[in-house]
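Only the coordinates and a few stated rules stand behind these numbers; no lab work does. As the structure is a computational prediction, the values presented were derived from the model and not from experiment. Note that each Cβ is placed from the backbone with ideal geometry, even for glycine, and that neighbours are counted across all protein chains shown.
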């Protein structure tokens, strides 16, 4: 495991991490919301076993990366390219989970043939999205937060700061209790042991400097994304579970309907957490096959 500090435009820095097989095929892993560069140990083991150089980083405002207020979803592509340049990587794959799903699609749309393929797992659709009832099927906790953001941004930002303080104190047990309205039965069963410990550790590190990362991540969903899904010309996979209450399956279906030649997997027995645990390794292997 190696950490890198990469300097980008306007004096910002990005904190990146390499793990897995450092001589292997480079694949970027884009974390959820909230999150950070820390990699889930079983995914690192999968990368090591399958010759994958796993590269992750803190999106602006998380962990050790400088905040970038007002950033768009598509801005991630320039940051990923800058990290790749700094590490001497020409072509790479990219997957993103949850809040990292749309940024992975941005890399596919904006970086052209530099991207061998992209996978969006449990990713969100833009707000608003034509023909999509955006909040339908979402758990109460997320519905309340999004409605507050849409109606009263200052009050929502204040709540984000308060929620951050709570999250920094949460134990794995408190995480399960706090997410109760978001956890379908399959996700509740999966959220144990290594998985819940990792999610708590990742949230703590990501939110350590403040709530800026989660605020800008969430706001970017409702800003222009900076790219069109229809313009993607590289291989793309979509993975989404019908039991997902964090990001309803209708979001994955909406995205899949607009990406050319997409390889979409809408799975009736998967949730949000289980897609991360069960399908990211599959997506990593698929991306490795594209080199």
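Peptides 157-169, 205-217, 98-110 ordered by packing proxy, namely the average of other Cβ atoms within 10 Å per residue, highest first: 98-110, 205-217, 157-169. Helix content alone sets the calculated 222 nm mean residue ellipticity of the chain: runs of n ≥ 4 DSSP H residues at -39500 (n - 2.57) each, divided across all residues, give -12500 deg cm²/dmol. For a test of the definition: using alpha carbon positions, the gyration tensor, and the 1.5 limit on a/c, classify segment 140-291 as rounded, prolate or oblate. It comes out oblate by the Cα gyration axes.
You can think of it this way: the chain between residue 253 and residue 192 has 19.1 nm of extra reach, that is 0.36 nm per residue less the Cα-Cα gap. Given axes a ≥ b ≥ c from the Cα gyration tensor, I'd like to know whether segment 1-121 is rounded (a/c under 1.5), prolate (a/b larger than b/c) or oblate. In terms of gyration-tensor shape, rounded.
Please tell me the relative contact order of segment 17-176 in percent, rounded to the nearest whole number, where contacts are Cα pairs under 8 Å and at least six residues apart. Don't skip to the answer; put the middle values down first.
Numbers: 230 pairs, mean separation 30.1, N = 160.
Result for segment 17-176 is 19 percent.
Among beta bridges from DSSP that stay inside the chain, the antiparallel ones total about 30%.
As a length-normalised measure over Cα pairs under 8 Å and 6 or more apart, the relative contact order of the chain settles at 23 percent. With the simple spin-label model, which puts each label point 7 Å out from Cα in the Cβ direction, the residue 135 to residue 266 separation comes to 2.3 nm.
State whether the chain is rounded, prolate or oblate according to the following rule on the C-alpha gyration tensor (a ≥ b ≥ c being the square roots of its eigenvalues): a/c under 1.5 gives rounded; otherwise a/b larger than b/c gives prolate, and the remaining case gives oblate.
Values: a/c = 1.25, a/b = 1.18, b/c = 1.05.
Judged from the Cα gyration tensor, the chain comes out rounded (a/c under 1.5).
Taking each residue as 0.36 nm, the span from residue 67 to residue 223 lengthens on full extension beyond its C-alpha to C-alpha distance by 54.5 nm.
Between residue 150 and residue 12, the modelled label-to-label distance comes to 2.7 nm, taking each label 7 Å out from Cα in the direction of the beta carbon.
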